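The values are calculated or read from the model by the stated rules, or taken from the named source; none is laboratory data. This one's a predicted model, so the numbers in the text were calculated from it and none came from an experiment. Here the Cβ is made from the backbone with ideal geometry for all residues, glycine too, and neighbour counts use every protein chain on show.
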Amino acid sequence: MIMRGANSRTGKIRQRRKWLPVLGAVLCLPLAQAVPVKTDHTQVELLAETSSIRSGETFTLGLKLTPDPGWHTYWINPGDAGKAASLRWDAPEGLEFGELGFPAPGFVPFMDLMSYGYNEPTLLLLEVAQKEPLSGDRLSLRARASWLVCDDKLCIPERADLELEIPIAGGDAADADQEDWRVAEFAQARALLPQAMDWPAAFVQRGEELVFDISTPLSLQQASGLYLFPEAEGMIDHTAEQQVGLWSDRVRIAVPTGPRVARYETTGLVLSVDMENAPRQAFSLTARRAVGGDGSMDAAPVGFSSSPWDGGGHAVAGDAPMESGGAAGSGGGATFGAGLLQAIVFAILGGLILNLMPCVLPILSLKALGVARMAGEDPAVARGAGLQFLAGVLVSFLILAALIIGLRAGGEAVGWAFHMQNPLIVAILALVMVAVGLNLLGVFEVNVGAGALGGKATQGKAGEFFTGVLAVLVATPCTAPFMAPALGYAILQPATVTVSVFLALGLGFALPYFVVAFLPGAQRLLPRPGAWMVSFRQALAFPMLATAIWLYWVLGNQAGVDALTLALISALALALGAFGWRRGAGAGYSRPWRAASMAGLAVVLLSLWTLPRAVVEADGPPGTSDEIAYSETVLEELRAQREPVFAYFTADWCITCKVNERVALKSDAVRQFLLREGVQVLVGDWTNEDPEITEVLQRHGRAGVPLYLYFKPGSAEALVLPQILTPDLVIDAIENA
């Protein structure tokens with residue numbers, strides 16, 4: 001409207017002048033308010049309470065998070081799952097930033113878990129003190145905001161870089177600055193903050209129960225609802241009912257303990273109280289562990305149970321009940337339960353199909369050898385071998401899940417096959433392949449289950465377990481159909497969900513071998529053991545050595561030729577050591593061969609120790625001249641120009657990715673089609689860790705590569721292509737988008 005008035009040829013000068021103050025105010029807004037940033041599911045702003053500040057005086061800022069409908073953010077203690085918002089400042093010295101102030105939260109149920117958060121716009125306030133008076137005419141602030149936003153199916157860690165410029169007024173500045181248009185919003189945010197109280201409060205542990213005792217000058221016996229939110233994470237069982245006792249000058253709340261209760265001697269508390277015919281109130285106080293308290297439970301005149309599952313008599317900031325994605329009760333949990341069930345089914349199917357992916361074929365050789373040997377064994381022995389293999393697979397997937405959970409809790413952005421981004425792990429895995437190949441060729445003998453044919457299966461129980469571990473390690477660079485949605489869902493969920501889905505994936509992966517081991521009828525269909533197995537065993541060494549070659553190729557692309565040379569030296573030294581050990585077992589000249597073996601082992605260890613220091617970061621150029629390296633900036637520029645964009649995310653260690661590229665993306669049909677249609681191709685290389693690409697994968701519900709996206713001009717969302725591609729599939733998907 002302003003622009004139309006300014007450009008109208010028939011408008012009168014007086015009419016234009018009427019708009020000048022408004023136009024000036026609008027142009028000045030960025031001085032005290034950062035431009036809002038819209039992420040995938042949240043709008044975030046950094047605000048100042050007033051349009052200017054005074055040198056030497058404390059001032060107030062606010063971080064405003066507005067989640068999309070159906071999404072929610074989290075309180076300072078997120079409960080069983082979640083993560084609170086935080087700010088990391090880049091500001092001039094001499095400023096002291098306080099902690100973010102959070103309103104009393106609402107309840108976020110998830111299956112049998114309970115979290116605390118908000119599903120409405122939330123303004124988090126903080127005070128900024130000037131240890132030294134500011135100089136100049138304006139203050140420039142920068143901050144990295146991080147938070148977790150979830151709906152009833154998915155959680156996405158989001159972040160934004162925020163900037164704010166605030167004019168610095170002189171000492172004689174008018175008080176009009178205090179009548180800023182933001183004052184009302186900040187006043188409302190302050191009203192929602194819990195009132196800080198110095199009420200005496202203590203807690204004592206009585207077995208598996210934690211009892212809070214609060215002395216208050218207010219009589220809360222007429223409260224219609226009361227719930228206690230501890231700021232200490234894991235202190236209480238967030239899913240359990242709280243037993244509330246009320247006296248005229250005292251409140252007692254008993255609740256089952258949480259897993260971390262022993263580590264806390266003090267905690268902040270938020271006491272949320274509903275009174276009939278009165279607005280809801282929230283009080284903030286500090287409780288300390290009682291020394292020598294026995295937690296005696298005298299009867300209260302008024303008592304009731306307060307359950308988070310029925311809202312605890314409490315709703316979110318702004319008196320809005322949390323509905324889908326943040327509702328109390330069974331509805332939200334049912335939705336999450338359905339998502340978990342689907343993820344488990346997809347994980348089992350993905351694990352079954354994973355057995356057919358290229359990266360698993362060498363291990364399938366070992367498994368086939370073990371299956372063939374079962375035909376000559378007692379059924380009980382065969383079942384034992386199947387159980388050992390299943391245990392090796394499940395333990396490996398459990399360790400992978402635990403590592404991912406731990407790293408993500410520490411702030412790392414990791415996903416499926418994250419260990420393949422470490423050159424040292426790739427080199428060690430290649431060495432394992434070389435060692436297995438040498439073992440199969442008979443260079444040295446170690447009972448490794450399917451690889452040791454000299455004895456019976458009873459000698460190889462540990463080996464069957466090792467074969468399961470090795471199968472998982474080699475399988476991780478591949479992603480089978482159904483795996484991507486399952487892992488993308490699991491990797492951003494609470495630990496129990498992540499572990500459940502990973503174990504389901506392991507079960508599907510081990511199922512074929514396990515079924516054959518337990519079905520005598522299937523074993524009778526197998527060929528009888530015989531001399532042919534010796535030749536078969538030796539032939540299986542070559543797929544293992546081929547896998548080693550592929551891993552060395554990955555390492556060369558990943559870390560450079562110097563690191564690759566060290567890895568090859570370690571492989572040569574390993575072969576020398578293994579050969580020397582076998583020769584040293586003979587009667588003659590054993591000592592020199594044993595010395596050679598020990599020398600080879602020393603060279604292996606020295607090479608691996610030196611390898612990380614020889615790593616050279618690869619530039620990762622696109623594969624062809626018509627491809628551009630992916631970045632958010634480039635993508636936004638191309639989309640702003642309304643150009644069609646095809647982006648694919650790959651890694652050198654991802655076999656599925658490389659097969660898709662050779663079969664489909666690099667085919668003449670697809671390349672000519674993309675060129676003819678003017679589609680710009682962006683390539684995201686995830687061979688080494690790249691936080692920007694990790695964020696894109698998580699945004700689209702993926703735990704790892706491959707990911708294929710087509711951005712149609714004018715379309716708000718990208719089209720996600722399947723994980724297994726053909727030329728016709730790519731062309732049809734883009735044509736019909």
Identify, please: which residue in segment 120-135 is in contact with a strand residue (DSSP E or B) (Cβ under 6 Å, 6 or more places away or on another chain) and modelled with pLDDT under 90 and is, among those, farthest from Glu233 (Cα to Cα)? Leu134
With criteria (1) modelled with pLDDT of 80 or more; (2) of a type in the set (Ser, Thr, Tyr); (3) assigned to a helix (DSSP H, G or I), Thr610 comes up short on (1)
Check Ala202 against each of (1) surrounded by 19 or more Cβ atoms within 10 Å (Cβ to Cβ); (2) in a strand (DSSP E or B); (3) among the hydrophobic types (A, V, I, L, M, F, W, C); (4) more than 35 Å from the chain's Cα centre (by Cα) and name the one condition it does not meet. (1)
Could you tell me which residue of segment 205-215 is nearest to the chain's Cα centre (by Cα), considering only residues that are crowded, with 19+ Cβ neighbours inside 10 Å and either over 9 Å from Leu285 (Cβ atoms) or not assigned by TED's automatic domain parsing to the domain that holds Val273 (or both)? Leu210
From the option list Ala143, Ala91, single residue qualifying as among the aliphatic types (A, V, I, L, M), surrounded by fewer than 22 Cβ atoms within 10 Å (Cβ to Cβ), touching a residue at least 60 places away in the same chain (Cβ under 8 Å) and under 27 Å from Ala184 (Cα atoms) is Ala143
Looking at segment 40-83 only, could you name the residues that are of a type outside the set (Gly, Ala, Ser) and either in the same structural domain as Arg260 (by TED's automatic domain parsing) or closer than 19 Å to Ile168 by Cβ (or both)? Leu46, Leu47, Glu49, Thr50, Ile53, Arg54, Glu57, Thr58, Phe59, Thr60, Leu61
Conditions (1) outside any strand (DSSP E or B); (2) out of contact with any strand residue (DSSP E or B) (no Cβ under 6 Å at 6 or more places or on another chain); (3) not aliphatic (A, V, I, L, M) -> Asn77 fails only (1)
Does segment 585-603 contain at least one residue that is at pLDDT 75 or above and closer than 30 Å to Leu394 by Cβ? no
Among the residues of segment 702-722, is there at least one that is crowded, with 19+ Cβ neighbours inside 10 Å, in contact with a helix residue (DSSP H, G or I) (Cβ under 9 Å, 6 or more places away or on another chain) and of a type in the set (Lys, Arg)? yes
Taking segment 218-243 on its own, how many of its residues are over 18 Å from Tyr116 (Cβ atoms) and either in a strand (DSSP E or B) or touching a residue at least 24 places away in the same chain (Cβ under 8 Å) (or both)? 7
Report whether or not Leu148 is modelled with pLDDT under 90, part of a loop (DSSP other than H, G, I, E, B) and among the hydrophobic types (A, V, I, L, M, F, W, C). no
On the given criteria, is Gly117 of a type in the set (Gly, Ala, Ser), at pLDDT below 85, surrounded by 17 or more Cβ atoms within 10 Å (Cβ to Cβ) and within 21 Å of the chain's Cα centre (by Cα)? no
Strands (runs of 3 or more DSSP E) lying entirely in segment 618-737 (those with 2 or more residues that are closer than 30 Å to Ala563 by Cβ, at pLDDT below 90 and not aromatic (Phe, Trp, Tyr)): 627-629
Of a type in the set (D, E, K, R), touching a His at 6+ places or on another chain (Cβ under 6 Å) and in contact (Cβ under 8 Å) with a residue 24 or more places away in the chain: is that true of Asp112 in this structure? no
Residue check for Arg383: of a type in the set (Lys, Arg), more than 17 Å from the chain's Cα centre (by Cα) and modelled with pLDDT of 60 or more: yes
Within segment 89-105, track down each residue that is within 30 Å of Ala490 (Cα to Cα) and at pLDDT below 90. none
